[in-house]
1. For region 117-145, name all the residues that are surrounded by 14 or more Cβ atoms within 10 Å (Cβ to Cβ), touching a residue at least 40 places away in the same chain (Cβ under 8 Å) and under 23 Å from residue 79 (Cβ atoms).
2. Scan region 81-128 residue by residue and report those that are more than 14 Å from the chain's Cα centre (by Cα) and at positive phi.
3. Of (1) farther than 22 Å from residue 42 by Cα; (2) more than 16 Å from the chain's Cα centre (by Cα); (3) surrounded by 14 or more Cβ atoms within 10 Å (Cβ to Cβ), residue 148 satisfies all except one. Which?
4. Do we find a residue being assigned to a helix (DSSP H, G or I) and under 12 Å from the mean Cα position of the chain (by Cα) anywhere in region 42-52?
5. Among the residues of region 1-41, which ones are at pLDDT 95 or above and part of a loop (DSSP other than H, G, I, E, B)?
6. Condition first: touching a residue at least 12 places away in the same chain (Cβ under 8 Å) and more than 11 Å from the chain's Cα centre (by Cα). Can you find one or more residues in region 154-161 that meet it?
7. Go through region 67-97 residue by residue and tally those that are surrounded by 18 or more Cβ atoms within 10 Å (Cβ to Cβ) and farther than 27 Å from residue 176 by Cα.
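The values are calculated or read from the model by the stated rules, or taken from the named source; none is laboratory data. Note that this is a predicted model, so its numbers are computed, not measured. Note that we place each Cβ from the backbone using ideal geometry, even for glycine, and neighbour counts take in every protein chain shown.
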């Protein structure tokens, strides 16, 4: 898998997926990411400041997708300090107009491929029990990578101060560098 590079917006040599250009996020992408997250109606929307930090401090483990120079999706993640072989995916979102094209899985696959080059062997994320689309996306990623996928309860509603639904921890792995079926 080619290394993701941050190229100027006018550069036509960006890496291309079948339907979208995939690249590391820039600070100028943060507002677009915030709007896309808000537009899903499903994700917990972080502050606009948080998306700026994702674009600055977690560029190596995050990604944006664009079509015709418009940001249409993103995935944010970080390597867990307590488990440096584990990439935790915080959010994945695709603009409503671009859903159903496999962009979410493509972003995850690309960022995971990049992360394996610095020792990541597992991917973790949390998903609510009623989010069939996310469950399907992560299952597809595990299948594509030839890896197992496991789910277990992580956060119950009692953990949240705001009536949030329970979140199950999904773990995919082990992942092998450039490992695809």
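1. Within region 117-145, 120, 121, 122, 123, 124, 125, 126, 127, 134, 137 meet the criteria.
2. Here is the first cut: in region 81-128, the ones more than 14 Å from the chain's Cα centre (by Cα) are 81-85, 96-101, 116-121, 128.
Matches in region 81-128: 100, 119.
3. Unmet condition: (3).
4. So the first thing to find is which residues in region 42-52 are assigned to a helix (DSSP H, G or I), and the list is 48-52.
Checking which are under 12 Å from the mean Cα position of the chain (by Cα) leaves us with none.
Among the residues of region 42-52, not one is assigned to a helix (DSSP H, G or I) and under 12 Å from the mean Cα position of the chain (by Cα), which makes the answer no.
5. Within region 1-41, 24, 25, 26 meet the criteria.
6. Residues of region 154-161 that are touching a residue at least 12 places away in the same chain (Cβ under 8 Å), as a first pass: 154-155.
Applying the additional criterion that residues be more than 11 Å from the chain's Cα centre (by Cα) yields 154-155.
Yes; the residues of region 154-161 include at least one that is touching a residue at least 12 places away in the same chain (Cβ under 8 Å) and more than 11 Å from the chain's Cα centre (by Cα).
7. Going through region 67-97 one residue at a time, the tally reaches 3.
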